[in-house]
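Read through the structure below, which is laid out as structure tokens, and then see the notes.
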Amino acid sequence: MKKTFCRCSCFFKSNIYLEQIGAHVHYIDDEQFRKEYQQLASDKNDIEQLLNSVHKEINRRQTLDIDARIRKEQIRKEYQPLYPELYQFQSKFLSEHFKQICAQPKSSNEYLKKFNNGIYSIPVFTTEFCTKFIDELKHFEASPMPKGRPNTMNNYGVLLDELGFSNFIDELRNQYLNPLVKALYGDEYVGDTGLDSHKAFVVSYKIGQDIDLGYHYDNAEVTLNVSLGAQFEGGDLYFGTMAKANRTVFSNFTFVEHMPTFGILHRGQHLHGSEPITSGERYNFIIWMRSSSKRNQLCPMCWQKPEYLIPVESDSYGDGMTNSIENI
Ligand SMILES: [Fe+2]
Ligand SMILES: [Zn+2]
């Protein structure tokens, strides 16, 4: 039976990022929020202002899937791509080394670079693909089409499923990334279902806009973060501990440099951030890969077995959980 993808109910109350104070909060009701977060308030951001931002973010999340479907429909009908051929996945977009590594992930390959703690650097796309893809993104940005933003931590970027890359990412995930992740990280990360959904987006960093990203973990079992280019300096990724072990430890960082056309593969719950770029602009193609069998058991955002699963629009993957009633 076809799976119905869902969100965990925690999406509507937890992990709400407040930019003013650079912290994540959770919300049950106004009284709880005022009591719990009073100490984070200041003259500049009093508690009522913080509460107002929380209400706004929850309202945004409540209509997010419907808003996304409306944008996606409009883009499908009205947007004129610069390079229509990019939207249909082709293996020629991929680096030959990437294909070799995915075909035989267990044999040693000089292009698969292993850092400590389950972090890998791997060639992914061809230079030609990256160059065209950046031009396509710029073309989309310059168009009057509606734009959803990747998440509350990135103000600049594009949601690739809305832009029409769902099938592209599905093929890349099923044919290449699922076997690769299974071989490198084991069943613990892919579960019985394999990596059966994703959230994919491009974030851009530019001097004068977003230049870095705070310490966080991803809502993913495993993340692939590919640098598309173009010209930039700085902006290394740094990795700390696993999220559940200790969210606040800031020590023993592993620094990994972004190289155009190469991707960094890491576990979603590995805490990380991005250093500021010091010049130029940088585009990163990010795929959060998810396994429904894993997250049906434990939601990585609330660390509990999802209490309620809320089905989402039929063309959305939600948070990657699936409705078990539909699966009987
Ligand atoms: Fe991330
Ligand atoms: Zn949850």
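The values are calculated or read from the model by the stated rules, or taken from the named source; none is laboratory data. Quick caveat: nothing in here was measured; it's all calculated off a predicted structure. Every residue, glycine as well, gets a Cβ built from its backbone with ideal geometry; the counts of neighbours run over all protein chains shown. Heavy atoms of the whole protein, side chains included, go into the accessibility calculation; ligands, DNA and RNA do not. Shrake-Rupley method; radii C 1.70, N 1.55, O 1.52, S 1.80 Å.
What to note about this one:
- Cβ-Cβ under 6 Å pairs, at least 6 apart or on other chains, the stretch 212-223 side modelled with pLDDT under 90, far side within 14 Å of ligand 2 (Cβ to nearest atom): 217/243; 217/269
- Some residue of the stretch 104-111 being surrounded by 15 or more Cβ atoms within 10 Å (Cβ to Cβ), of a type in the set (D, E, K, R) and under 30 Å from residue 189 (Cα atoms): no
- Test: residue 293 is modelled with pLDDT of 90 or more, of a type in the set (S, T, N, Q), within 16 Å of ligand 2 (Cβ to nearest atom) and surrounded by fewer than 23 Cβ atoms within 10 Å (Cβ to Cβ): yes
- Residue tally, condition at pLDDT below 90 and either open to solvent by 20 Å² or more (accessible area, probe 1.4 Å) or farther than 19 Å from residue 217 by Cβ (or both), over the stretch 5-25: 9
- Search result, residues across the stretch 77-94 that are surrounded by 14 or more Cβ atoms within 10 Å (Cβ to Cβ) and not hydrophobic (A, V, I, L, M, F, W, C): 79, 81, 87
- Qualifying residue in the stretch 260-271 (condition: free of Cβ contacts under 8 Å to residues at least 60 places away in the same chain and within 16 Å of ligand 2 (Cβ to nearest atom)): yes
- Taking the stretch 217-229 as the range and being within 16 Å of ligand 2 (Cβ to nearest atom) and not aromatic (Phe, Trp, Tyr) as the test, the residues that pass are 218, 219, 220, 221.
- Pair list, Cβ under 8 Å, 6 or more apart: the stretch 178-202 residue among the polar types (S, T, N, Q) and buried (at least 23 other Cβ atoms within 10 Å of the Cβ), other residue at pLDDT 95 or above and outside any strand (DSSP E or B): 197/292; 197/320
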